[in-house]
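Shown next, in structure tokens, is the structure this report addresses.
Coordinate-derived values only; no laboratory data. Everything quoted here is computed from the prediction, not taken from an experiment. Every residue, glycine among them, receives a Cβ derived from its backbone with ideal geometry; neighbour counts consider all protein chains shown.
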């Protein structure tokens, strides 16, 4: 029984550390994407329109499962509304990362995986073009 209690306490501690590290990583991605973690208006960004705190594109929103989409609402309106809502954006990012995490075949930290997938898409972990992005997030996140 004592061992079970210790295991539960350890697991809870580990989960809280993981959650804190994930939140730090999300904060750093948000700061990097929106110059201080602010809800930026939709604008053209390299190859498509990006919106909100995390500069989420419409195709990314579709890939993350369209969180917050209201009944009868078209996905473009849902995407723009979600991207401008911090909680909805985080829900989208988590779903996107969970969907594509298996694409990262090399051993990397959870923050690096999140950063590279967010920036580079499903194959972001293997794209050299995500190096600069990851290095910026890593500096902010204290090297994690």
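Side notes on the structure shown:
- Helices (runs of 4 or more DSSP H) contained in segment 27-144 and holding at least 2 residues out of contact with any helix residue (DSSP H, G or I) (no Cβ under 8 Å at 6 or more places or on another chain): 75-83, 86-100, 131-140
- Residues within segment 77-134 that are more than 13 Å from the chain's Cα centre (by Cα) and surrounded by fewer than 19 Cβ atoms within 10 Å (Cβ to Cβ), tallied: 19
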